[in-house]
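Input: a single structure, listed below in structure tokens.
The values are calculated or read from the model by the stated rules, or taken from the named source; none is laboratory data. This structure is a prediction, so every number in the text was calculated from the model and none was measured. Every residue, glycine among them, receives a Cβ derived from its backbone with ideal geometry; neighbour counts consider all protein chains shown.
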Amino acid sequence: MKRFAAFIFFLGIYAFSFSQEQPLPKGMTEAEKLIWQDYIDNYPTDRGTTPPTETPRTPGEWEEAQGVVITWTSYTSVLREIVRHARETVKVYIVCSNATTVQNYLTSGGVSLTNIEYVVASYNSVWVRDYGPQSIYLKGTNQLAIVDWVYNRPRPADDVIPSAIATHLSLPIYQMTVNPNKLVATGGNLMYDGFGNGFSSKLIDDENSSLTIAQIDTLAKKYWGVKPYIRMNTLPYDGIHHIDMHMKLLDEETLLVGQYPQGVADGPQIEANLNYVLNNFQTPYGRSYKVVRIPMPPSASGYYPSSGSDYYTYTNSVILNNLVLVPQYGLAQDQAALDIYASAMPGYNIVGIQSAATIGASGSIHCITHEIAANDPIFISHPSIREAEYSSTGFLVWAYINSTSGITSATLSWKNGEDEIFNEIPMAFERDTFWATIPAQLFNAEVNYFITAENGNGKTLSKPLVAPEGFYTFTVSPVGNGFDFSANSISTEINQEVVFNYENQGIETESFLWNFGDGAQPQTANTQGPHTVTYSTLGNKTISLTINGSETVEKIDYINITEATGNSVIVSTKSISVYPNPVKEMLNINIPETGALVTVEIVSVTGEIVWQQKGHSVTKIEKETNSLPTGVYMVRVISGKNTWSSRFVKM
């Protein structure tokens, strides 16, 4: 212990003398490389803790935050601008040696001192993302806690900042700092989606060479709740190998990825890493990731890192509730980067922060900030509707919503894109699964919606977090193989009104001839529409539309009108229908006649096929659901080149 104390004293003198000349860089200095092995060999053994008793959950950065931590040491003009904006949406915790000095500097720059707290502690560097307090939620209680690791730099004062923050906030701390739970890590190389998926470069494996990959995975699951742990190859020209320099999760299904011109600098490896992720992993909802690209700019002189330029990046941003702070460098691409964020994150306040001062030390906004997650969290899991074929029964919206104090209510708010006011629908629920249905909409209608939940403590939260300023959007598309009319059932009685409309898809038109089928009133029409039609008879109706222009185009589709229990009418346009929904016991699945082999599957929200049946010319299936756990499932029907899907709720 005496040897370590002397070693730490030497490090303190080294760090102090270095900081008087220039700030410590994000990467390791040459002097630090010389002492690193001694530092790690003599690391204290009295600070480690066992992992949480149950697997925790590490929240995504876009989830609700109560605060952000910065360390007041260097680049204070940049830090001041971060404080100026961040304090309006979260509490700012400033690690510093003298609160008065910080206050005077903020005040001189016109920054209000409200919503700021000062944590007086020792420190070595500004790079709090890498050594700072990582929030986790303890499973079963949703209690906020802090997790800590061995910082991958010989900077002992920085390495104990998580403990200082945990003490300041009266939070439990779990430390991965003593064998067999010892892990060397850095926060800029850790990315979490809030659902158990974790991302890093293979730096995490390289810096823990005494551990097997399986052992690292075990620690990641025990302390972070991460499984799977996705690793990507390090980049040739990024000297620190932190993924936040070229990649960011905007939500659990959206990757923001930096992009170089083809073949330039780290571009080839970034593309290879992205392809690896897309080809091998899916979102928590079993879907492909959405990818947003953002430029990796050259210097003002036109040089890239492969030519010795600084590593300019726009992915190194921080999300603090409705606020996104994006680095700016005085480059031509700055405004385009802000525009890309605004397009990808509608409803968020996108603010640029001048960061040219920090980038020469291999870091930017994300590197010098660390968010603190909210207390009393409300967790909302919802696979947003990306695409929707027309359905006369509307569009089912479901969510898994959980809070320790329980969920007292949940509301689905929706509107047609042309409307200004949202309609509100209370969501039905069974345990933690909630659902409601957006009414049927015309083909090509744009639908906006969001979900709001309230817990037992009276706290409310929306998904997306910025609703109603931001919301999910989908457009109603034609049914089946692209037949471009829309049918909107506005009644459930026999003789109900059905609206047909042709949406021009680039075909030159001179005349129209509709035939709405047997029992239709009217039976024919000779204009584009919309046309309101009623049917006096049940059965399968053939709908045809002939368009004469530069060439004659004929389109055919079908509507099947059947009388159901209570004389209600089910209208479908060559798609499957699933009812009753929600279902307790027997589920009915109606399938279009195809004359080919039909595969019918029931798929869980995790993508697991829980039931499958195959047959030729199958048109109806009755499936007993008593064996299925409560929750939301997808029915998927595959026949030849056709694939239809629908969702149902099992109560």
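Is it the case that the range 296-310 has a residue that's at pLDDT 95 or above, under 25 Å from the mean Cα position of the chain (by Cα) and surrounded by fewer than 19 Cβ atoms within 10 Å (Cβ to Cβ)?
No, the range 296-310 contains no residue that is at pLDDT 95 or above, under 25 Å from the mean Cα position of the chain (by Cα) and surrounded by fewer than 19 Cβ atoms within 10 Å (Cβ to Cβ).
Select from the range 382-414 the residues that are touching a Gly at 6+ places or on another chain (Cβ under 9 Å) and surrounded by fewer than 19 Cβ atoms within 10 Å (Cβ to Cβ) and list them in ascending order.
Correct list: E389, Y400, T404, S405, G406, T408.
Just checking: which of the helices (runs of 4 or more DSSP H) contained wholly in the range 150-239 hold 2 or more residues that are modelled with pLDDT of 95 or more and within 26 Å of V92 (Cα to Cα)?
The qualifying helices (runs of 4 or more DSSP H) are 156-159, 161-169, 213-224.
Could you list, in sequence order, all residues of the range 268-315 that are closer than 30 Å to I353 by Cβ and of a type in the set (F, W, Y)?
Passing the criteria: Y289, Y303, Y304, Y311, Y312, Y314.
Can you work out which of the residues in the range 405-457 that are among the aliphatic types (A, V, I, L, M) and touching a Ser or Thr at 6+ places or on another chain (Cβ under 6 Å) is nearest to G529 (Cα to Cα)?
The selected residue is L442.
Show the residue pairs meeting these rules: Cβ distance below 6 Å; 6+ apart or different chains; first residue within the range 50-72 and assigned by TED's automatic domain parsing to the domain that holds K248; second residue of a type in the set (S, T, N, Q).
Note: pairs meeting the criteria are A65/N321; V68/T369; I70/T369.
If you go through the range 518-541 one residue at a time, how many are of a type in the set (G, A, S), modelled with pLDDT under 85 and closer than 15 Å to Q496 by Cα? Before you say what the answer is, go through the steps one by one.
Step one: list which residues in the range 518-541 are of a type in the set (G, A, S), which gives 519-520, 525, 529, 536, 539.
Adding the requirement that they be modelled with pLDDT under 85 leaves 529, 536, 539.
With closer than 15 Å to Q496 by Cα added as a condition, the list becomes 536, 539.
Adding up the residues that qualify gives 2.
With D217, D238, D205, D159 as the choices, which residue is free of Cβ contacts under 8 Å to residues at least 24 places away in the same chain and acidic (D, E)? Walk me through it before giving the result.
On the way: D238 fails: free of Cβ contacts under 8 Å to residues at least 24 places away in the same chain; D205 fails: free of Cβ contacts under 8 Å to residues at least 24 places away in the same chain; D159 fails: free of Cβ contacts under 8 Å to residues at least 24 places away in the same chain.
Criteria check complete, one pass: D217.
Considering (1) crowded, with 16+ Cβ neighbours inside 10 Å; (2) hydrophobic (A, V, I, L, M, F, W, C); (3) part of a helix (DSSP H, G or I), say which one V119 fails and leave the rest.
Unmet condition: (3).
Among (1) closer than 29 Å to G330 by Cα; (2) outside any helix (DSSP H, G or I), which single condition is Y285 missing?
The failed condition is (1).
For residues that are part of a helix (DSSP H, G or I) and over 22 Å from G188 (Cβ atoms), tally how many sit in the range 339-367.
Restricting attention to the range 339-367, the residues satisfying the condition of being part of a helix (DSSP H, G or I) are 339-344, 356-359, 366-367.
Going one step further and asking which of them are over 22 Å from G188 (Cβ atoms), we end up with 339, 342-343.
Number of matching residues: 3.
In this structure, is F429 modelled with pLDDT under 90, assigned to a strand (DSSP E or B) and either buried (at least 20 other Cβ atoms within 10 Å of the Cβ) or of a type outside the set (S, T, Y) (or both)?
Yes.
Here is a check on your reading of the model: is V92 outside any helix (DSSP H, G or I), under 21 Å from I165 (Cβ atoms) and either at pLDDT 95 or above or not assigned by TED's automatic domain parsing to the domain that holds G188 (or both)?
Yes.
So in the range 579-594, with the set limited to residues that are of a type in the set (A, V, I, L, M, F, W, C) and more than 15 Å from I638 (Cβ to Cβ), which one is farthest from the chain's Cα centre (by Cα)?
M586
So which residues in the range 616-628 are surrounded by 11 or more Cβ atoms within 10 Å (Cβ to Cβ), assigned to a loop (DSSP other than H, G, I, E, B) and not aliphatic (A, V, I, L, M), if there are any at all?
Listed by number, the residues that qualify are S617, T619, T625.
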